[in-house]
Each structure stands twice: as C-alpha cells, then as structure tokens.
Amino acid sequence: MLQNRILLGFLVCFLIVSCDSNSVYDTYKSVPNSWHKDSIVSFKVNPPDSTKAYNLFINLRNTNAYKYNNLFLIVEMVFPHGKTIKDTLEYRMAEPSGKLLGEGYTDIKENKLWYKENVVFTETGEYTVNIQHAMRENGKVNGVVELEGVTDVGFRVENQTIK
C-alpha cells in the first residue's frame, strides 16, 4: 500500500511539473554518438493560429563531453509556400572557467536557446525547421566533422507571454 502511495505521489509531482501552458510545439530528436556536420535535424510544425505571435527556441541537451564554450548553428525555416529564411547563430555554452551553462544537476545540461521572438506564422500549412551545426576550431579552415557531447536537439514554439 505504501508503495502505491509513493508511486502516486511521484506521478502527481511529474504531471504538475511537466504541465506547460505556454508550449505550442516542443519536440526533441536524439543525436547518435556525435553530430556529423552534414547531419540536419528537421522539425515539421503546423502553427495553430496565423494571427498570434510566438517565440521560437532551439533546445539542446549536451554532456560534459561538449568541449567548446560556444555553439554555431545554421537554422533554416522553410515556409509552406516555399520561402526560406536561413540564419547562422552563435550561442554561449560555457562560462570562461569552462563550466557548462544550462539546466540540470547531472552531467547532462539542457539549454533553451532563443531563435526568434514575436513571430507570426502568416502562411497556413506546414513549416519545416532545419538545424545543422557549423562548428570550427580556432585557426582551422575545415569545420568540426563530428561534434561530440550533444545528445538531443529540439525545437520549441511558445505562446508569447505578456508581462
């Protein structure tokens, strides 16, 4: 009987913590042992409202095997009628001391990285978001072929909150 109550308590806590009223779309895709420079992680999004503004995020889970203090990404958004917007983005991933940024108490850190804010999806239909890493080491021309330490890449669309 005590085990059932403990299990029920954990389940209730999990449901309370996992409820997120701002989330419209939130999906992760796993990266194998390393993230190859030619590997593109794609997400298909059907926004529910073409009149509301949303905030867009790239979510990233990484381990202590991630050895860089920043991260360069190429993010491409393909609109339903073919228009494409491509951005090269840089994110800070570690403090100057080398301590990784992000949430988490274990060696896995979760980062919620701003992509775009106040976005109105004016076209109805399916949008595709493609994410690819563009890391290079200082002084080297060729990019990092296999980026280690990234375990999952995600994309999140949130309702805009008014403060």
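Packing, as the average of other Cβ atoms within 10 Å across residues, places the peptides 144-155, 46-57 in the order 144-155, 46-57, highest first. Our coupling estimate for region 59-74, obtained by passing each phi through the Karplus curve with A = 6.51, B = -1.76, C = 1.60 and θ = phi - 60°, is 9, 9, 10, 9, 10, 5, 6, 6, 9, 10, 8, 9, 8, 9, 10, 10 Hz, Gly and Pro reported as x. Restricting attention to region 68-132, lysine pairs at least eight places apart or on different chains and with alpha-carbon atoms under 19 angstrom apart total 4. Equivalent ellipsoid of region 105-163: semi-axes from √(5λ) of the C-alpha gyration tensor, largest first, are 29, 18, 12 Å.
Compute the distance from the alpha-carbon center of region 67-104 to that of region 111-143, in whole Å. The distance from the Cα centre of region 67-104 to that of region 111-143 comes to 6 Å.
Assuming R0 = 30 Å, can you tell me the calculated FRET efficiency for the pair I108 and K140, based on Cβ-Cβ distance, to the nearest 0.05? With a Förster radius of 30 Å, E is 0.60. Peptides 72-79, 84-91, 23-30 ranked from most to least packed, by the mean per-residue count of other Cβ atoms within 10 Å: 72-79, 23-30, 84-91. Using a simple spin-label model with pseudo-atoms 7 Å out from Cα toward Cβ, A65 and K99 lie 2.4 nm apart. Once divided by 2.2 N^0.38 Å, the Cα radius of gyration of region 47-130 becomes 1.32. Here, the chain yields an orientationally averaged convex hull projection of 13.0 nm² when only Cα atoms define the hull.
Approximating the spin labels as points 7 Å out from Cα along Cα→Cβ, the A53-to-T128 distance works out to 2.9 nm. Look at the alpha carbon pairs under 8 Å that are at least 6 residues apart: their mean separation over the length of the chain gives a relative contact order of 42 percent. Between S42 and S30, the contour length at 0.36 nm per residue exceeds the alpha carbon distance by 3.2 nm. Peptide packing: for 99-107, 121-129, the average count of neighbouring Cβ atoms within 10 Å per residue gives the ranking 121-129, 99-107, highest mean first.
Element breakdown for the chain at a 1.4 angstrom probe: carbon and sulfur atoms account for 53% of the accessible area.
The values are calculated or read from the model by the stated rules, or taken from the named source; none is laboratory data. Quick caveat: nothing in here was measured; it's all calculated off a predicted structure. In this analysis, Cβ positions are derived from the backbone assuming ideal geometry, glycine residues included, and neighbour counts consider all displayed protein chains. The area values use the complete protein model at the heavy-atom level, side chains included, leaving out ligands, DNA and RNA. Shrake-Rupley method; radii C 1.70, N 1.55, O 1.52, S 1.80 Å.
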